[in-house]
Each structure stands twice: as C-alpha cells, then as structure tokens.
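Scroll down for the structure; my scribbles are underneath it.
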Amino acid sequence: MEDSMDAAKLRDEFLQVLRGRRTAEVPLSVEAAQPVRDPLYQETPKPTFSKAMESCPKKEIPNFKELLQEENLYLITEEGDQGRLPVLILSMKEGSKKRRPAIVFLHSTNKCKEWLRPLLEAYASRDYIAVAIDSRYHGERASSLTTYKDALVSSWKKGNTMPFIFDTVWDLIKLADYLTERENVDPTRIGITGESLGGMHAWFAAAADTRYAVVVSIIGVQGFRWAIKHDKWQARVDSIKAVFEEARIDLGKSAIDKEVVEKVWDRIAPGLASRFDSPYTIPAIAPRPLLILNGKEDPRCPIDGLKLPESRARKAYEDSNCLDSFEVVAEPGIGHQMTPLMVKRASDWFDKFLKL
C-alpha cells in the first residue's frame, strides 16, 4: 500500500511539473488531417529502411492494402503550434463494432510517425489499433532540419518549454484521453512502446498515466543521475550536443562537464536526474506489465545504470505478486540499436498481455 501511495504521489508531482510550462490549455478537440506525402526527417542522409522494423511479425492477409484503414488527424491539446498533435492510426476494416487493443508507437530522435509505418502495419494485421504520433518539434511539428535542436537551445535559454521528453509526455496523456473514448478501442487494453527517445517517452508516459496498461521501452531506459555520478554521460549528451554547447558557453566553461550536464537537465527537464529518474519512475509502472529492452553495450543507456531501477522495480512487482509482468533484457554485443530480436520480444509481450 505504501508503494502504491508513493507512486501516486510521484505521479501528482510529475503532473505538476508538466503543467508548469504549458501554454493555455484548451478543451481537447479533433481535426481531420491528410496523409503526409513527404515526411520531414531532421537528419541527413534521409533514412530509407529499417531492417528491425521490417522484421515485425505480420499476419499474411490477402488484399491487405485494401483492407487496411488509415486515419490522419490532429488532437488540439493546448494553444500554440506545438499544441497541435499529429496522429496516424492504422487498423483493419471491420464490420463489427468490437473494441480492440491499441498500441501507441513513439519514434526516435529526428524521425517522425511515418517512419514507424512498418510496425503499424504489422500490428494492424494482427488486429491491433496501431497509433503513432509526431513528438514535439518532429515531423509535422517541425519546419526545418534544426527545429528540435533549436527548441532544446531555446528551452535552456528561456526555461519556458520542456522539449526533451516532458512536453511529449503531456501529449501522450491527452492522447490517452482520446483513445479511451474511441468506440473501437478497449480502454483497458492500451499499450505503449518506442525506440530510443520514443522509449523514454513510453517509460515516462506510463509512469505518469496508468491508462497505459502494457509497456515496452526499447533502448530508452537509463539512469540520468547514475551517468552523472559515474562520468558516463558523454554519449547521451552527444546525441543532442547543441544545447550542452550553448550551456557550456553561458556558464563560462572551456568544456562540457558534469556541472553543465546537470544544469541542462534541471533546466530543460526538471527532475529528470533526480526525483523523476528511473529508480523512481520505473517502479511506479508496477503492477502493469513492463518490458525493458536494451543493448548490453549501449553507451547512451549504460547497462550498469539500470541496476538500481531494475532492483527497485523487481521489488515493486514482487510486492504486487506479479513478477512475471516485469522483465529486463540486455542483448549481448548490441549498442544503441533496435534489433529484430527486440522487435520480436516486444511483439510477444503485447500479445501475451493485451490479447484476450
């Protein structure tokens, strides 16, 4: 009981932080959208193929493309351009009105919802409602190759937004509001998963919102405080280096160091390396099924940084008598990379816990 109260308290504190930098909230509304024909990727060369995503288990269905239903829409979650949340939903056309499990997929840094289409199609073929969004400052919410980088720097300078993880978590709470009201979605069977930045989004959204009933984080879970303490922050910092370079200059430093890293995290994502870090937010997902998939050699998510959150989460699941609902898999010889094995394990996890 004490652990569940602690988790509820943590959720309340996290929601207060999320609300602290919102533009004016508006009633949730839906607008129709058109398919994106030329998706914006904030990386060069433009990515064209992912062996891992193409490997996702898919049911062979004659005339699959004709039976596949695509929806494009915007959820209006708050005022301003970033309050317009682009959503892509794929499902199989059905004559019945039965409610089906839904899974939300989150893309990695610099990509967009269209990149996830192989996963969406594979899950749709297996009778899921497959949902993807553009994270803040990505895809339709970006206007150039530097939109996300510029947003991170602006957050450091002004402290008025949280483009790293937290603002997208707010969107995912609003997305849950929408999905639980859809006639074809079973509100008790909504899963969430993502790769890299998307894996972080999935982790934090599940910690914040219990409506995400089954969770798989792929190459996303890490210990932010652990990395600072053990001088293992470099690879994560390099993935969004521009904001740390800006902070280094502003702080009068000759090089990025632990102090710069800690100050940036505290500024752009308050609590990320303290009270909302993985040793606290990962156990808060219990007793809901949670699978963590990482590479054993991942420098951005050092495996030693998972020891404490894994230990605390295992105790939380044990206390809830559901240890079979928690698993951490570190794939040998793999760095910061989603693999076909991870995709298969994620698929099996959702089938185990979301299929009736």
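The values are calculated or read from the model by the stated rules, or taken from the named source; none is laboratory data. These numbers come from a predicted model, not from an experiment. All Cβ positions, glycine included, derive from the backbone under ideal geometry; neighbour counts span all protein chains shown. The protein model used for the area step is the full one, side chains on, heavy atoms only, and it has no ligands, DNA or RNA in it. Shrake-Rupley method; radii C 1.70, N 1.55, O 1.52, S 1.80 Å.
Here is how the numbers come out for the structure above:
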read-out: Heavy-atom SASA rank of 43, 259 (probe 1.4 Å, accessible area, largest first); value: 259, 43
read-out: Full-extension gain in nm, residue 93 to residue 145, via 0.36 nm per residue minus C-alpha separation; value: 15.1 nm
read-out: Distance (nanometres) between label positions extended 7 Å along Cα→Cβ at residue 13 and residue 63; value: 5.7
read-out: Expected 222 nm ellipticity per residue - DSSP helices of 4 or more, -39500 (n - 2.57), all of the chain, to 500; value: -11500 deg cm²/dmol
read-out: Debye equation applied to the C-alpha atoms of the chain, log10 I(q)/I(0) at 0.06, 0.10, 0.15 Å⁻¹; value: -0.20, -0.57, -1.40
read-out: Whole-angstrom gap from segment 277-308 to segment 312-356, using each part's C-alpha centre; value: 10
read-out: Out-of-range pairs (alpha-carbon distance over 30 Å; input 59/98; 9/113; 9/58; 229/344); value: 9/113; 9/58; 229/344
read-out: Over segment 141-232 - Rg/Rh using Cα atoms and the Kirkwood inverse-distance radius; value: 1.04
read-out: Over segment 220-356, volume per residue of the alpha carbon convex hull, in Å³; value: 113
read-out: Between segment 253-273 and segment 34-111, the Cα center-to-center distance that results, in Å; value: 34
read-out: Estimated FRET transfer efficiency when R0 is 22 angstrom, pair residue 344-residue 49 (beta carbons, to 0.05); value: 0.75
read-out: Virtual spin-label span in nm between residue 297 and residue 81, 7 Å along Cα→Cβ; value: 4.1
read-out: Gyration tensor (Cα) of segment 211-282, equivalent ellipsoid semi-axes in angstrom; value: 25, 12, 12
